[in-house]
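A.B. asks: Quick one: the structure is below, and I'll ask about it shortly.
The values are calculated or read from the model by the stated rules, or taken from the named source; none is laboratory data. It should be emphasised that the depicted structure is a prediction, and the values quoted were computed from it without experimental measurement. Positions of Cβ are generated from backbone atoms using ideal geometry, with glycine treated the same way; all protein chains shown enter the neighbour counts.
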Amino acid sequence: MVEDDLKRLIEQEKKLVFPAFDEEEAFKLGTHLRDMALDRKLPIVIDIRLWDRPLFFAALPGSAGANAEWARRKINSVMLYHKCSYRMFLEQGAKERIFPADYGHVAQDFAIAGGAFPIRVQGVGAIGALAVSGLPQREDHNLVVAALASHLGADAEGIALSPPADR
């Protein structure tokens with residue numbers, strides 16, 4: 001299952017690419033994701049950033065300050081590796097939500113729990129990240145992918161992770 005998930009995560013990263021991305025696009029994506037979460041009554045934090053600054057933030061009912069910290073830490077990891085945080089978690093053997101000690105990344109600043117995804121622009125590459133925190137990590141990841149796919153007009157079902165077997 002992990003191998004299948006990793007293949008699908010790489011496919012998601014390749015397909016969920018913006019033609020262009022700016023402050024207006026971040027606001028549209030953020031409000032779209034916020035509306036999705038409010039409809040489902042999800043207690044999440046949404047954080048959208050370029051590498052140099054925040055563009056959108058929302059804390060929904062039931063979320064906590066710790067969720068904002070998790071989002072920040074996940075975005076920091078995406079910034080370093082330009083991969084989604086759930087992919088990094090699975091690549092590490094799906095045991096810890098932090099990098100191994102020999103990576104030299106301080107746990108207070110980096111997390112590899114699912115829910116952060118690189119914002120890629122066609123012909124440019126990764127320029128920022130979107131993070132959600134407040135649900136189990138696979139659900140955080142799936143929510144981000146569903147929102148990105150919907151926003152970009154991509155086939156969400158065709159690239160979605162299969163339901164968890166026993167996670």
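A.B. asks: Test each condition in (1) within 13 Å of the chain's Cα centre (by Cα); (2) surrounded by fewer than 23 Cβ atoms within 10 Å (Cβ to Cβ); (3) in contact (Cβ under 8 Å) with a residue 40 or more places away in the chain for ASP47 and report the one that comes out false.
C.D. replies: Every listed condition holds for ASP47 apart from (2).
A.B. asks: Okay, next question. Return the residues of the range 58-88 that are free of Cβ contacts under 8 Å to residues at least 24 places away in the same chain and touching a helix residue (DSSP H, G or I) at 6+ places or on another chain (Cβ under 8 Å); say none if nothing qualifies.
C.D. replies: ALA59, TYR81
A.B. asks: Let me ask another. Between LEU38, LEU42, LEU60, which is more than 15 Å from the chain's Cα centre (by Cα) and surrounded by 20 or more Cβ atoms within 10 Å (Cβ to Cβ)?
C.D. replies: Unique residue meeting the criteria: LEU42.
A.B. asks: Something else: Within the range 46-58, is there a residue that is of a type outside the set (Val, Ile, Thr) and part of a helix (DSSP H, G or I)?
C.D. replies: No, the range 46-58 has no match at all.
A.B. asks: Could you grab the pairs with beta carbons closer than 6 Å, sequence gap of 6+ or different chains, first residue in the range 5-19 and more than 15 Å from SER85 (Cα to Cα), second one surrounded by fewer than 18 Cβ atoms within 10 Å (Cβ to Cβ) and modelled with pLDDT under 95?
C.D. replies: Sorted first by the residue in the range 5-19, then by its partner, the pairs are LYS15/ALA154.
A.B. asks: Follow-up question, since we're still on this one. For the range 89-113, which positions are farther than 13 Å from MET79 by Cβ and in contact (Cβ under 8 Å) with a residue 40 or more places away in the chain?
C.D. replies: Within the range 89-113, PHE89, LEU90, GLU91, ALA94, ARG97, ALA113 qualify.
A.B. asks: I would also like to ask the following. Of all residues in the range 101-124 being buried (at least 16 other Cβ atoms within 10 Å of the Cβ) and of a type in the set (Val, Ile, Thr), which is nearest to PHE21 (Cα to Cα)?
C.D. replies: Selected residue: VAL121.
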